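Participant: Before anything else, here's the structure in question.
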Amino acid sequence: MCDARFGVSPAMLSAVIDMTIERFEELVGEALDGIPDELGRRMDNVVVRVVDELHSGLLGLYEGIPLTKRGDYGGMVMPDQISIYRRSIVANAHTEAEVVHQVRVTVIHEVAHHFGISDERLRELGWA
């Protein structure tokens, strides 16, 4: 039997770990801190947030205008947004180590989109 809301069986749900949002936010912060300083300093007008929901098919999402496409980007522009979906990541993990790894990969993947790197290139680099 499969839970239609999440596409997982009850057996799969029992194997999944849980993690508090506070601990998850720490992991996202650690992943951001792990970005090399020369790149971190170039991040511009972007907000990273943890979203506490299960999002079908997505672990993270970048919404905005990549740095490579901004051109004349001055003025009162809303910040780009990177969302990291806690429940989606935790639902796909069986250990805390898997959560730590997936948070790191997801944060780097979405930050790369901020820098204009495509999904295809991220797959080539092993970050998809």
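Participant: With the stretch 40-128 as the region, which helices (runs of 4 or more DSSP H) entirely inside it contain at least 1 residues that are in contact (Cβ under 8 Å) with a residue 24 or more places away in the chain and either buried (at least 16 other Cβ atoms within 10 Å of the Cβ) or β-branched (Val, Ile, Thr) (or both)? Even if it seems obvious, please write down each step before you answer.
Facilitator: Numbers: elements: 86-91, 96-114, 119-125.
Qualifying helices (runs of 4 or more DSSP H): 86-91, 96-114.
Participant: Would you confirm whether any residue within the stretch 4-13 is polar (S, T, N, Q), closer than 30 Å to HIS94 by Cβ, surrounded by 11 or more Cβ atoms within 10 Å (Cβ to Cβ) and at pLDDT below 90? Steps first, answer last, please.
Facilitator: Of the stretch 4-13, the ones polar (S, T, N, Q) are 9.
Going one step further and asking which of them are closer than 30 Å to HIS94 by Cβ, we end up with 9.
Right, trim to surrounded by 11 or more Cβ atoms within 10 Å (Cβ to Cβ) and you get 9.
Next, only the ones that are at pLDDT below 90 stay: 9.
Yes.
Participant: Tell me, yes or no, whether the stretch 38-45 has at least one residue that is out of contact with any helix residue (DSSP H, G or I) (no Cβ under 7 Å at 6 or more places or on another chain), closer than 26 Å to GLU98 by Cβ and of a type outside the set (A, V, I, L, M, F, W, C).
Facilitator: Yes, that holds for at least one residue.
The values are calculated or read from the model by the stated rules, or taken from the named source; none is laboratory data. Keep in mind the model is a prediction, meaning the values are calculated, not measured. We place every Cβ from the backbone using ideal geometry, glycine too, and count neighbours over all the protein chains shown.
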